[in-house]
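This report refers to the structure that appears directly beneath it.
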Amino acid sequence: MKLTIERSALLRSLGHVQSVVERRNTIPILSNVQLVAEAGALALTATDLDLAIVEQVPAQVARPGGTTAPAHTLYDIVRKLPDGCQIELSSSADNGRLTVKTGASEFSLACLPREDFPVMNEGELPHVFHLACRDLRRLVEKTRFAISSEETRYYLNGIYLHAKSLAEGNVLRAVATDGHRLARVEMPLPEGAAGMPGVIVPRKTVNETFKLMEGSEGAVELALSDSKIRFTFDSIVLTSRLIEGTFPDYERVIPTDNDKQVEVDRRVFAEAVDRVSTISQEKSRAVKLALTKDRMVLSVNSPDSGSATEEVAVGYDGGQLEVGFNSRYLLDIAAEIDGENAQILLADAASPTLIRDVSDASALYVLMPMRV
Amino acid sequence: MAQGQAVTELCRDCLRLAPASPGARCPACGSPRLLRHAELDRLSLAHLDSDAFYAAVEKRDRPELRDRPVIVGGGRRGVVSAACYVARTYGVRSAMPMFKALQACPHASVIRPDMAKYAAVSRHVRTILLSATPLVEPLSLDEAFLDLTGTEALHHRQPAQTLAALAERIEREIGITVSVGLSYNKFLAKIASELDKPRGFAVIGRSEAPGFLASRPVGIIFGVGQAMQRKLAADGIRLIGEVQGRERGDLVARYGAMGERLWAFARGHDTRPVDPAGERRSISAETTFEADLADRASLEAVLWRLAEKVSLGLKRAELASEGVALKLKTAEFRLRTRHARLAAPSQLAEQLFAAAAALLAREVDGTRFRLIGLGCDRLCPPPPADAADLADPDAGKRAAAERAVDRLRERFGAGAIGKGRGVFPARPPR
């Protein structure tokens with residue numbers, strides 16, 4: 001293999017693929033990125049066996065071929081090379097080295113044979129549909145904070161993506177929960193997605209996809225079966241296993257008749273929560289919301305560090321109520337509300353509480369109160 | 001015993017405390033059970049240890065066994081939990097494998113442990129101890145530390161007298177005997193209670209402590225386990241006397257914080273207070289199988305029973321757990337321990353089981369196991385535990401069901417009701 005490539009193009013692609021590569025690997029070749037040069041393009045592939053990413057980048061290929069080289073090292077080298085330079089990558093089968101050359105710099109990296117690089121077999125992906133990156137990004141952004149990292153309930157370690165028919169029309173829904181909070185965001189169902197199975201997309205896949213969509217105004221093609229999902233962007237293909245298992249019946253925990261309605265300025269509320277929680281204990285982070293007519297008093301009482309209260313004007317007429325929440329969870333949700341006002345719907349101090357964006361019906365959040 | 005000091009004498013039967021008399025019997029009541037020590041009226045920290053506790057309780061309930069060897073322990077593959085003093089004369093010891101114990105003493109009566117009964121007796125003993133001082137720190141079901149400092153005015157008795165009275169009351173009311181160790185700190189009190197077993201009363205005073213300790217192995221120091229003993233032996237230290245000769249700085253430089261402890265304990269210094277809360281750091285249970293097990297269903301059936309046991313321990317102690325540990329011992333005696341964190345603190349058997357079963361699933365690979373254990377670490381207070389869970393809407397119902405089962409068991413006994421999976425192994429997966 002021998003090729004010349006523009007440094008910024010290589011850096012960008014390496015940046016994408018190297019983040020899939022785990023820092024520690026028991027299988028050495030998983031630390032490597034596969035480089036394959038063919039017909040005017042370099043294909044870079046990285047995988048952790050659950051997730052594989054392939055990116056094509058234009059290059060002047062002098063001699064087709066391929067190898068695998070340490071991903072993080074190669075990325076660091078390219079990052080440190082001067083901006084705007086042309087990089088020559090070459091390898092030959094006999095010495096097992098990848099040579100990286102530009103100007104006065106020359107590196108030689110230990111390689112592993114390309115034939116040993118694991119290929120993810122994606123199988124048949126019968127359900128194919130297209131989305132605007134912007135829309136998929138929104139589904140991910142507004143739900144991923146609620147993904148659980150609990151190992152025992154591995155089926156909560158991702159976003160549950162599924163089609164749903166509603167009276168108002170069919171939607172594509174993303175749901176995530178860790179048991180304490182739940183986020184549900186939807187969008188009109190794209191054409192071709194009607195028959196898709198409900199799938200649980202793992203956290204890492206979600207995060208990598210999110211990064212790839214940053215700033216993109218284009219479209220993404222989703223193709224999936226009940227065990228794999230593939231995201232295809234212009235020059236990048238990301239294929240991932242799905243989490244096997246059944247996502248819980250989340251609809252049962254979304255309250256429908258919470259009648260105590262609070263309307264509050266999202267920013268004012270978040271800032272007040274943030275301020276009073278300064279003194280809350282590291283572990284519980286509980287903040288108490290005391291509601292009376294058109295008034296909310298937020299307070300934190302910590303036996304060790306002191307107390308704090310702050311009053312916020314709200315729209316409320318549901319009778320006196322005191323309820324506690326984890327302040328961080330409140331802040332996480334408040335951060336996902338784009339509109340000016342948030343609506344909080346309560347039943348009592350122990351039941352699931354609904355939080356919504358007043359100006360956006362397509363996203364909703366459920367939060368369990370804490371005893372305070 | 002220190003020279004030049006007036007020796008005090010306590011009659012353990014009539015509680016007479018006076019300067020030592022010349023005879024072998026109490027001048028007041030004629031009892032031979034006299035305890036003489038120069039510091040007897042100045043020591044107030046005690047360790048009380050029940051003699052062959054489980055076996056003693058069983059003998060109390062079955063008087064026909066009184067003079068026969070009794071071993072409390074479980075199963076063919078189990079170990080001896082307790083051996084009565086008759087059985088001990090045949091060489092039976094606690095923690096000895098049952099088959100060995102029965103080789104040594106084939107005619108012993110073997111009784112399966114009834115932990116609920118022992119716990120009830122233990123609570124009764126604790127009530128009696130608490131009548132003397134609130135500073136009672138239970139170490140296990142059958143032993144506790146007591147700090148009787150400053151109780152003279154209350155009881156109009158010296159601590160030594162109070163202790164003799166407590167031992168007498170436990171014998172009379174409960175029907176088991178205890179041994180008392182009296183000293184000026186926990187370390188020495190615990191050593192003292194071993195010196196005169198059974199039905200004993202031993203004293204270690206300040207002046208005699210370093211001399212007494214010098215000839216003892218370093219292993220009796222709290223925190224000096226087998227690994228530390230090996231390390232010390234490699235440095236030529238086996239006895240506490242050999243530590244006493246070392247500089248404090250040297251010990252600290254060589255063994256770190258442990259060196260500091262060695263230095264202090266070797267001199268008979270121990271500043272640990274008697275802590276009635278006796279904070280528990282973990283609760284666990286384990287079982288050795290009658291025959292090695294390899295299949296998941298059978299292992300899970302045992303695991304469920306352990307989960308129930310540990311859960312009961314948590315509920316009784318009013319604690320919840322944030323993490324579980326699974327322990328497996330292979331047929332080749334290789335130990336595997338695996339840990340998982342719970343999503344939220346829990347004291348429910350259901351939750352502990354679910355987490356441990358997930359760990360177990362990864363270990364079942366055809367290996368034959370001889371032992372399984374389940375432990376809870378990261379203990380915390382229960383209030384926030386088991387709140388409703390958005391990812392598991394039925395958790396509340398299951399928690400309520402478990403608590404209902406607990407109430408039934410409280411009324412009708414542990415065998416009154418249980419889950420099928422604790423009785424029959426689950427059907428193998430299709």
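Key figures
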| quantity | calculated |
| --- | --- |
| Ranked list, fewest to most other Cβ atoms within 10 Å of each Cβ, for B:190, A:228 | A:228, B:190 |
| Axial C-alpha extent at least 20 Å, average Kyte-Doolittle at least 0.5 - helices from chain A (DSSP) | none |
| Convex hull volume per residue in cubic angstrom - Cα atoms of chain B | 192 |
| Charge dipole (the stretch A:127-252, unit charges on Cβ, about Cα centre) - positive-most of A:235, A:129, A:180 | A:180 |
| Degrees, to the nearest 10: B:395-412 long Cα axis against longest axis of chain B | 50 |
| Cα gyration tensor shape for the stretch A:254-367, rounded if a/c is under 1.5, else prolate or oblate | prolate |
| Cα-based convex hull, the stretch A:127-252, per residue volume (Å³, whole number) | 100 |
| Vicinal HN-Hα couplings computed from phi for the stretch B:190-207 (Karplus, 6.51 cos²θ - 1.76 cosθ + 1.60; Hz; Gly/Pro x) | 5, 5, 4, 5, 7, 6, 10, 6, x, 6, x, 8, 10, 10, 10, x, 4, 6 |
| Ranked B:412, A:233, A:269, criterion: other C-beta atoms within 10 Å, fewest first | B:412, A:233, A:269 |
| Long-range HN-HN contacts of residue B:216 with modeled amide H, under 5 Å | B:240, B:241 |
| Computed over the stretch B:209-266, the ratio Rg/Rh where both radii use C-alpha atoms and Rh is Kirkwood | 0.91 |
| Cross-link table B:59/B:100; A:288/B:397; A:80/A:211; B:117/B:315, entries beyond 24 Å C-alpha to C-alpha | A:288/B:397 |
| Unpartnered cysteines - no second Cys beta carbon under 4.7 Å - across the protein assembly as shown | A:85, A:111, A:133, B:84, B:105, B:376, B:380 |
| Built amide H within the under 5 Å cut-off of residue A:127, gap 5+ | A:224 |
| For the stretch B:244-251, Karplus couplings with θ = phi - 60° (6.51, -1.76, 1.60), whole Hz, Gly/Pro x | 4, x, 8, 6, 4, x, 4, 5 |
| The stretch B:9-74 and the stretch B:160-230: distance between their alpha carbon centers, rounded to Å | 13 |
| Dipole of the stretch A:106-172, positive end: most advanced residue of A:113, A:155, A:140 [Cβ charges, Cα centre] | A:140 |
| Cα lying deepest toward the dipole's positive end in the stretch A:247-372, options A:367, A:331, A:302, charges on Cβ | A:302 |
| For chain B, calculated [θ]222 nm from helices alone, where every DSSP H run of n ≥ 4 adds -39500 (n - 2.57) | -11000 deg cm²/dmol |
| Amide proton proximity set for residue B:371, modelled H, under 5 Å, gap of 5+ | B:289, B:329 |
| Unit charges on C-beta of K, R, D, E only; dipole of the protein assembly as shown, Debye | 3700 |
| Gyration tensor (alpha-carbon) shape descriptor, the stretch B:1-207, a/c threshold 1.5 | prolate |
| Gyration tensor verdict on the stretch A:2-116 (Cα atoms; rounded if a/c is under 1.5, prolate if a/b is larger than b/c, oblate otherwise) | rounded |
| Note, ³J(HN,Hα) from phi for the stretch A:103-110, Karplus 6.51, -1.76, 1.60, rounded to Hz, x at Gly and Pro | x, 8, 8, 8, 10, 10, 10, 5 |
| GNM result for chain B, Cα springs below 10 Å: residue of B:365, B:51, B:114 fluctuating most strongly | B:365 |
| Residue among B:181, B:256, B:91 with the largest mean-square fluctuation in a Gaussian network model of chain B, springs linking Cα atoms under 10 Å | B:256 |
| Kirkwood hydrodynamic radius of chain A, Cα pairs, Å | 23.2 |
| 15 Å beta-carbon shell around residue B:105, net charge (K/R +1, D/E -1) | +3 |
| P(r) histogram, all alpha-carbon pairs of the protein assembly as shown included - 20 Å bins from 0, percent | 12, 31, 31, 20, 5, 0 |
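All of the numbers you see were taken from the coordinates with simple rules; none came from a lab. Values in this document were obtained by computation on a predicted structure and should not be read as measured data. Every residue, glycine as well, gets a Cβ built from its backbone with ideal geometry; the counts of neighbours run over all protein chains shown.
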